[in-house]
1. Read phi for every residue in the stretch 171-188 and hand back ³J(HN,Hα) as whole Hz from Karplus 6.51 cos²θ - 1.76 cosθ + 1.60, θ = phi - 60°, with x for Gly and Pro.
2. Do any of Lys164/Lys200; Lys64/Lys126; Lys154/Lys192; Lys179/Lys209; Lys179/Lys200 go past 20 Å between their Cα atoms, and which?
3. Can you pull out the chymotrypsin sites (Phe, Trp or Tyr not before Pro) in the stretch 50-82 whose DSSP state is coil and whose Cβ has at most 16 other Cβ atoms within 10 Å?
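Read-outs throughout are calculated quantities, based only on the coordinates presented, and are distinct from any laboratory measurement. Because the structure is predicted, anything quoted here is derived from the model rather than measured. Positions of Cβ are generated from backbone atoms using ideal geometry, with glycine treated the same way; all protein chains shown enter the neighbour counts.
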Amino acid sequence: MAPIVPPVTPATAVTPPPAPAASTGPGLDIQQLADLESRCAKLDQLDYFEVLMLERTATPADIKRAFYRESRTYHPDRFFQVDSRELKDRINELYKRVTEAYYVLRDDTKRKKYVVDVAGPERAQKLRFTEASEAETKAAAKKEQEAQIGTHPKGRQFFQQAQKDADAGNWSAAERNLKMALTYEPANARYKERLAEVQKQAQDESRDKGGSFKIR
């Protein structure tokens, strides 16, 4: 008996695979493409919270989640095979701004300053965190530090010694060094405040001991 040979399906009956979507990019549906178009069109008017679609009260955890969400959708590495240069450029533009937003908002100091900036009258000029604004932030931090320990080298030296004297309970020496610090920086509010604290502490301790001496 001749072997049974299964019938061969005619070539014309084979269904060809569907053609790939024309340059839509992997994972981007029609709605996402429309969203990409809309966001890129107004990107220069968005602050970093709006770029990440967050409220200004967002926590660091919220900011991190938003960044990862955007990365999953718009990371440029996902689109290296896309033919459309225009689409690639838009994705790169949006992702660059998303990364920039995350870089600024994840940092507590930068985020606090940025919130003040974008809520102020110069919002339009403060939307991007440039190198100049970063230098501004560092200058502000330095100024704040100087307000705490002083700007004059000698003043800082006497102030720091006064702090050590106070920690050791040597109120007389602490007062003397604070007064010396004030000769170099007479307007330093921190020095004055610390001097008043030291003098009060010395008086309280003297009273507790029943002493009658007065620190000169």
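1. Per residue, the Karplus-derived 3J(HN,Hα) values read 5, 4, 5, 4, 5, 4, 6, 5, 5, 5, 4, 6, 5, 8, 9, x, 9, 6 Hz.
2. Details: Lys164/Lys200 17 Å; Lys64/Lys126 22 Å; Lys154/Lys192 16 Å; Lys179/Lys209 25 Å; Lys179/Lys200 15 Å.
Where the Cα-Cα span goes over 20 Å, the pairs concerned are Lys64/Lys126; Lys179/Lys209.
3. Numbers: sites: Phe67, Tyr68, Tyr74, Phe79, Phe80; in loops: Phe80.
Filter output for the stretch 50-82: Phe80.
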